[in-house]
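Report on the following structure.
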Amino acid sequence: MQSSTSAQCGRGACISFEPGPTTIAKPPTTWIPSPNFGTRDSSPVVDSVVIHTTEVDLAGPLNIFQTASSQVSAHFVIAPNGTIYEMVEPSKRAWHATYYNSRSIGIEMVGFAGFRSTWNERNLSSLENLLAWILQAYPQIPLIHPVGDAYDFPSNQLNVAGIVAHAQVQPWNRSDPGQYFPWNQTLDAVGKQLAVPEPRSLALCGMLTFFVRSPLARRRT
């Protein structure tokens, strides 16, 4: 539990707050282990969460992430009904976002970046609860959705802490979680659990360019 005033900063913005006193319990998860993971180095620290959409139904990621030859995984998969599947322990390095793997926790939302219907009360509530627990467990992850994408950084590699879209990490071939994902609603709900006053997305409408997402199995580790 944090006990001193913290500052959660993004590119050009900083939110100061007094962390809340409540210990947030880990939401219930169903453990389905993936063989696809590595160890985390001591540096960089875990300072980000990457939000994905699967672009296939639930069986897709559960099967692919359990197949060693696929060489892909994520820490968590959240089904449309809100069930959370844990496939890699957060202390381990899952293979979900190429050069961001070492510093991030990957969450796959079952659904499609291009469909507004992907998002519902049950899967968003589970995501919010999971994010609140993750951010309390990893206090170096700021409660912000930073602006920009990899094209804004040297060597086309995103370098920001916070809760980021897969599209920000790999804008050349990923669009997820897509234009319909409710960033402000999600951050606000997480902030209420963490007693953070009015966290807000820093990404402006139109700042991110969305591209057609490749299938899950085309990711690189």
Neighbour net charge for Trp31 - beta-carbon separation under 14 angstrom, K R +1, D E -1: 0
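Calculate what fraction, in whole %, of the accessible area of region 93-191 sits on carbon and sulfur atoms when a 1.4 Å probe is rolled over the protein chains. Let's see the in-between values first.
On the way: 1450 of 3190 Å².
That fraction is 46 percent.
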Nitroxide proxy distance, nm - points 7 Å out along Cα→Cβ at Ser69 and Trp172: 2.7 nm
Kirkwood Rh and Cα Rg combined as Rg/Rh, region 56-98: 0.95
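Answer rounded, prolate or oblate for region 65-201, using the Cα gyration tensor with square roots of eigenvalues a ≥ b ≥ c: rounded when a/c is under 1.5, else prolate when a/b is larger than b/c, else oblate. Provide the component values of the computation, followed by the final result.
Working: a/c = 1.27, a/b = 1.10, b/c = 1.16.
Rounded, since a/c falls under 1.5.
The values are calculated or read from the model by the stated rules, or taken from the named source; none is laboratory data. Here the structure is a predicted model, which means the values were calculated and not measured. Quick reminder, even Gly has a Cβ in these numbers, built from the backbone with ideal geometry, and neighbours come from all protein chains shown. To get the accessible areas, we keep the full protein, side chains included, count just its heavy atoms, and leave off ligands, DNA and RNA. Shrake-Rupley method; radii C 1.70, N 1.55, O 1.52, S 1.80 Å.
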